[in-house]
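Everything below concerns the one structure shown next.
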Amino acid sequence: MKHIIILGDGMADWPAESLGNQTLLQYSSTPYMDKLAAMGRTGRLITVAPGFHPGSEVANMSVMGYNLPKVYEGRGPLEAASIGVELQPGDMAMRCNIICMENDRIKNHSAGHITTEEADVLIKYLDEKLGSEWVRFYTGVQYRHLLVIKGGDKHLDCTPPHDVPLQPFRPLMVKASVPEAQATADLINNLILASQELLAEHPINKKRMAEGKDPANSIWPWSPGYRPQMETLSAKYPAIRKGAVISAVDLINGIGHYAGLRRIAVEGATGLYNTNYENKVAAALETLKSDDFVYLHIEASDEAGHEGDFKLKQFTIENLDKRIVGPVYEAVKDWDEPVAIAVLPDHPTPCELRTHTAEPVPFLIYYPGIEPDSVRTFDEVACVEGCYGVLKEDEFMNEFMKE
């Protein structure tokens, strides 16, 4: 049996008065997810281990069955793996957003969803002006980039910028959590302030402002760590002899790298509502012909949740159902070799809150011949009654990978 996980990043949400006290998954039209839930089995999964921040890297590593206290090293090293930066001993990597500041407040975490092409110019400019033998900047995708500090101390208190929209930035700057890390914290804070001076008058930002767009006028490094020691999924699960990851997000591709999955690049994959769903499905189906396992990650709902946009998030959920889940199911249902399908979010990103939360997420597992439970729709409320109950750690992957 082959296996595909369809991951709708941040798809789970809270009940909202404007939706008749329903969640967006309940409110949205999702006939294919409901169909698979009715034909399969459901439950809920704890994706944020106690003591961990509900970041996408934490949640996706949990979905894949990794023990977070043993392997987690922050988001930075995952970004590094995705863009081909091989970390050396002593290298500390950090996710480095390029963000928009306004009146000394974090206006948004994405510099108005700056393009990769624009950001590449700015990141290379910062590396030229602020880089050294010890400090390097690397371009990632859109607003998501990488800062590597040789000899940096990872014991830092950093705030993810998407958690603090509209808040003053100075109280949120990096703090050392142990005295030995103070020099690293000071270095990073100096880089933040220096970047603001350099970016303020850059031609890219002058052009963006003239066009009515948010300027990319500051860096914001966070989630530090060293190279993680992760067992590959093929070592953990004998059924996965060969697997792949499909995502527009660097950190997911980085997890895939350390998990032993090859990255499948898809033309038109943006990480936003306008991503090329059809190309992602085509790539997933083609990969499933040769591989045993595909991790198909769709970022759009998470970004809509961070923007607090209920209508956009509903649009992304319905697109996931209509343009990903439906076509995958319709294609594989008649294959000679059966395909197991799992659908789930990694964490909630409630529109009301505009950031991640740590509640258990609903999931479904379907494959030909599975004995269904009583659940008939796929959402946060219905899946409470699912036969799997509440799973944690590697229990979801163990169930999904059963032959």
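The values are calculated or read from the model by the stated rules, or taken from the named source; none is laboratory data. This structure is a prediction, so every number in the text was calculated from the model and none was measured. Glycine also receives a Cβ, built like all others from the backbone with ideal geometry; neighbour counts cover every protein chain displayed. Areas reflect the complete protein model, heavy atoms only, side chains present, ligands, DNA and RNA absent. Shrake-Rupley method; radii C 1.70, N 1.55, O 1.52, S 1.80 Å.
Values as computed for the structure displayed
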| read-out | value |
| --- | --- |
| Listed values (i) 42, 23, 17; (ii) 40, 27, 24; (iii) 35, 23, 19, entry calculated as semi-axes √(5λ) of the Cα gyration tensor in Å | (iii) |
| Cβ-derived FRET efficiency at R0 45 Å, ARG262 paired with ASN103, nearest 0.05 | 0.50 |
| Simple Cβ-charge dipole of the chain, Lys/Arg +1 and Asp/Glu -1, about Cα centre, in debye nearest 20 | 420 |
| Size of the range 169-256 as Cα extents on the principal axes (Å, biggest first) | 54, 43, 17 |
| Efficiency of FRET from Cβ geometry, LEU193 and ASP394, R₀ 35 Å, rounded to 0.05 | 0.25 |
| Over the chain, relative contact order from alpha-carbon pairs under 8 Å, at least 6 apart, % | 33 |
| Trypsin sites (Lys or Arg not before Pro) within the range 236-317: DSSP coil, no more than 10 neighbouring Cβ in 10 Å | ARG241 |
| Average accessible area per residue (Å²) across the chain - probe 1.4 Å, nucleic acids and ligands excluded | 39 |
| Between the range 254-331 and the range 149-209, the Cα center-to-center distance that results, in Å | 31 |
| Alpha-carbon Rg/Rh ratio, for the range 212-266, with Rh computed the Kirkwood way | 1.16 |
| Globularity ratio of the range 154-197, using Cα Rg and 2.2 N^0.38 Å | 1.17 |
| Portion, in percent, of the accessible area of the chain that falls on carbon or sulfur, probe 1.4 Å | 50 |
| Those residues of the range 95-129 whose amide nitrogen sits under 20 Å from the label point placed on ALA200, 7 Å along Cα→Cβ | 98-108, 111-112, 122-123, 125-129 |
| Farthest positive-ward along the range 113-268 dipole, Cα basis, beta-carbon charges - from SER247, ILE219, TYR138 | SER247 |
| Selection of GluC sites (Glu not before Pro), the range 159-235, meeting DSSP coil and at most 15 other Cβ within 10 Å | GLU201, GLU211, GLU231 |
